[in-house]
Amino acid sequence: MIIIQLNQRQLKIIDIVKENEPITSESIAASLNVTRATLRSDLAILTMTGILDARPKVGYFYSGVSDLNLVGNGIKDKKAEDIMSMPVIVKQDISIYDVIVNMFLSDVGSIFITDDNENLCGVVSRKDLLKATIGGSDINRIPIGMIMTRTPNVITANRDEDILLVIKKIIEHEVDSLPVVENNEDGMKLRVVGRISKTSITKLFLEMLDN
């Protein structure tokens with residue numbers, strides 16, 4: 001069995017909660033002299049592993065550190081490629097309308113955009129598409145490349161990246177999913193090989209609990 005290693009800040013958070021429970025995230029952040037946003041990923045990991053319990057309008061409680069909390073059936077060794085799913089990819093010159101149809105049929109929260117050489121060049125979310133339709137523009141004529149978030153502003157994950165790091169990226173950047181990428185032969189561009197979403201991570205934790 002593999003033990004999930006907590007970082008120093010997470011250990012400090014546990015001590016603060018144990019001494020002051022119930023305690024709000026604002027108070028924890030003040031004790032550590034950081035912002036609430038800085039603690040978002042740490043608190044998410046501590047609650048997902050069951051070490052802390054969060055109650056709305058009350059605060060955080062200490063649940064206890066046990067083997068059940070910390071042992072994750074090899075989660076520490078799991079990589080992005082172990083849980084990634086098939087990505088939904090479109091070319092940057094297709095219309096916004098076609099992307100909306102594609103997103104609806106695929107039932108995903110974001111779609112990855114590539115150029116003619118299959119290189120990642122952007123990503124579009126439901127929010128992006130909603131903004132485009134509200135504007136009253138002709139979405140049948142405007143290419144998706146006009147409204148997408150462009151690289152290098154797209155947050156990505158590598159195939160061999162630790163799952164815990166991927167979870168932190170999703171939480172800190174507040175995105176629905178990340179493209180899993182690898183370098184093309186020239187090493188300059190990124191090719192999309194997979195997708196990790198909040199659903200993928202939820203399935204992983206459910207699998208751990210079932211085991």
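The values are calculated or read from the model by the stated rules, or taken from the named source; none is laboratory data. Worth saying up front: this structure is predicted, and the values here are computed from it rather than measured. FYI the Cβ positions are ideal-geometry reconstructions off the backbone, even for glycines, and counts take in every protein chain you see. Ligands, DNA and RNA are excluded from the accessible area calculation, which covers all protein heavy atoms including side chains. Shrake-Rupley method; radii C 1.70, N 1.55, O 1.52, S 1.80 Å.
Say we look at segment 37-58 and pick out the residues that are charged (D, E, K, R) and not in a strand (DSSP E or B); which of these is most open to solvent (accessible area, probe 1.4 Å)?
The first filter runs over segment 37-58 and keeps only residues charged (D, E, K, R), leaving 40, 42, 53, 55, 57.
Filter again for not in a strand (DSSP E or B), leaving 40, 42, 57.
Working: ARG40: 93, ASP42: 1, LYS57: 217 Å².
That would be LYS57.
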Residues that are open to solvent by less than 40 Å² (accessible area, probe 1.4 Å) and touching a Gly at 6+ places or on another chain (Cβ under 8 Å): which strands (runs of 3 or more DSSP E) entirely in segment 114-211 hold 2 or more of them? 120-125, 177-183
Quick one: ASP138 ticks every box in (1) under 18 Å from the mean Cα position of the chain (by Cα); (2) farther than 18 Å from PHE112 by Cα bar one, so which box is it? (1)
Given the conditions (1) at pLDDT 85 or above; (2) within 24 Å of ARG159 (Cα to Cα), every one holds for VAL58 apart from (2)
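Identify all residues within segment 27-36 that are more than 17 Å from ASP15 (Cβ to Cβ) and in a loop (DSSP other than H, G, I, E, B); write none if there are none.
Here is the first cut: in segment 27-36, the residues more than 17 Å from ASP15 (Cβ to Cβ) are 35-36.
Result: THR35, single match.
Tally time: how many residues in segment 103-113 are surrounded by 19 or more Cβ atoms within 10 Å (Cβ to Cβ) and either of a type in the set (D, E, K, R) or assigned to a loop (DSSP other than H, G, I, E, B) (or both)? Quick ask: steps written out before the conclusion?
In the first step, residues of segment 103-113 are kept if they are surrounded by 19 or more Cβ atoms within 10 Å (Cβ to Cβ); the result is 103, 108, 110-113.
From what's left, either of a type in the set (D, E, K, R) or assigned to a loop (DSSP other than H, G, I, E, B) (or both): 108.
Selection size over segment 103-113: 1.
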Determine, yes or no, whether ILE134 is more than 25 Å from LEU39 (Cα to Cα) and in contact with a helix residue (DSSP H, G or I) (Cβ under 7 Å, 6 or more places away or on another chain). no
Among residues of segment 104-146, those that are farther than 16 Å from SER177 by Cβ and aliphatic (A, V, I, L, M), counted: 8
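Results for (1) of a type in the set (Asp, Glu); (2) in contact with a strand residue (DSSP E or B) (Cβ under 9 Å, 6 or more places away or on another chain); (3) over 30 Å from MET208 (Cα atoms), shown as yes or no for each residue.
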{"site": "PRO87", "(1), (2), (3)": "no, yes, no"}
{"site": "GLN92", "(1), (2), (3)": "no, yes, yes"}
{"site": "SER106", "(1), (2), (3)": "no, no, no"}
{"site": "ILE111", "(1), (2), (3)": "no, yes, no"}
{"site": "ASP115", "(1), (2), (3)": "yes, yes, yes"}
{"site": "ILE134", "(1), (2), (3)": "no, no, yes"}
Looking at segment 161-207, which of its residues are farther than 17 Å from THR47 by Cβ, basic (Lys, Arg) and within 13 Å of the chain's Cα centre (by Cα)? LYS169, ARG195
Can you tell me which of (1) closer than 19 Å to SER177 by Cα; (2) small (Gly, Ala, Ser); (3) out of contact with any helix residue (DSSP H, G or I) (no Cβ under 6 Å at 6 or more places or on another chain) is the one ALA157 doesn't meet? (3)
So which residues in segment 14-45 are touching a Ser or Thr at 6+ places or on another chain (Cβ under 9 Å) and of a type outside the set (D, E, K, R)? ILE16, ASN20, ILE23, ALA29, LEU32, LEU39, LEU43
